[in-house]
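What follows draws every value from the coordinates through simple rules; no lab data is involved. Small disclaimer: the values here were computed from a predicted structure and weren't measured. Virtual Cβ from ideal backbone geometry, glycine too; neighbours counted across all protein chains shown.
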Amino acid sequence: MIPLSILDLAPVCEGATPREAFANMLDLARHAERWGYRRYWLAEHHNMPGIASAATSVLIGHVAGGTSTIRVGAGGIMLPNHSPLQVAEQFGTLASLYPGRIDLGLGRAPGTDQPTARALRRYFDSADQFPQDVAELLRYFEPAQPGQGVQAVPGAGVEVPVWLLGSSLFSARLSAAMGLPFAFASHFAPDAMDEAVALYRRDFRASARLAEPWVILALNVVASESEAQSRRLFTTQQQSFVNLRRGRPGRIPAPVDDIEAFWEPHEKAGVERALACTVLGDAAQVGEGLAAFAARHRPDEMMITANVFDHAARLRSFELAMRAWQSRH
């Protein structure tokens, strides 16, 4: 069975606080562990009122400390915002505290807007240094050598699986060249997915870290007792995308009965294109949708996300998705 994993943004819903978002995050991770999900990844974003996962490594430690077996990681750390040494120290620390359970996914976007990127004291041009920064970071995880001037303490000699994330051919090429696993952001930017995966698999070079290519594909999944209910729950994600594109990012909105009254035709077209990798419905429909996606794109792993307003409904969605997937194997 192709493994299922979860991507979370620690969503802050309208009327709620980050503290409540963190409680829900840990609750979901504990349920996910029981249900059989392989990984629980958190993504770095900044200056977004509806996303509380800015201090990503801190939350990874919180989730890993509150669970016992599920792998916990970053999907991802936006490396242009950080020095490679600091990331190596943070994840060397996490992997020392929770051996065999920590993943590090790296992205080259800042995960925010330009003024916020400047406020982070790192700049957009640092994205041009991404390949060099990745190579430097990987070196910090190697065993320290005699006379080595700068070491990651902890970090040197600590096993931390490193992934490259992307939504374009750039990261696919770099992952293949460096022999690293690759996760594609098909849940919000699917246009280059098939080409990127084909390129990665074709050009992959085995490394000390990975003998064969490994691809994670992400998709939105909302499961409930009926298709109509799932479509209504999904209007939360649709509204969030429209609000972001209108330049008014806010907290996660409640679902609406009539999404057509909310958006303009051009906004609808843009959102439907961005969220094309989405599976909605009851358990049977979601199982069929996941199977069809897996058969068409042949990922080694699928990472699902669900921006559902009500926490109980969100839990139910992930539970139904896993049960539907397991029932087909």
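Quick notes on this one:
- Size of charge dipole - region 1-160 - debye, nearest 20, with Cβ of Lys, Arg +1 and Asp, Glu -1, no other charges: 240
- Antiparallel DSSP beta bridges within the chain, as percent of all bridges there, nearest 5: 5
- Rounded to the nearest 20 debye, dipole of the chain from Cβ charges on Lys, Arg, Asp, Glu: 380
- Cα convex hull of region 1-160 - mean projected area over all directions, nm²: 10.5
- Estimated [θ] at 222 nm from DSSP helical runs (n ≥ 4, -39500 (n - 2.57)) normalised by residues in the chain, nearest 500: -13500 deg cm²/dmol
- Here's the picture: charge each Lys and Arg Cβ at +1 and each Asp and Glu Cβ at -1 in region 1-89, and of I70, F22, P11 the one pushed furthest to the positive end of that dipole is I70.
- As a rough guide to protection, the peptides 234-243, 198-207, 145-154 ranked by mean Cβ packing within 10 Å, highest first, stand as 234-243, 198-207, 145-154.
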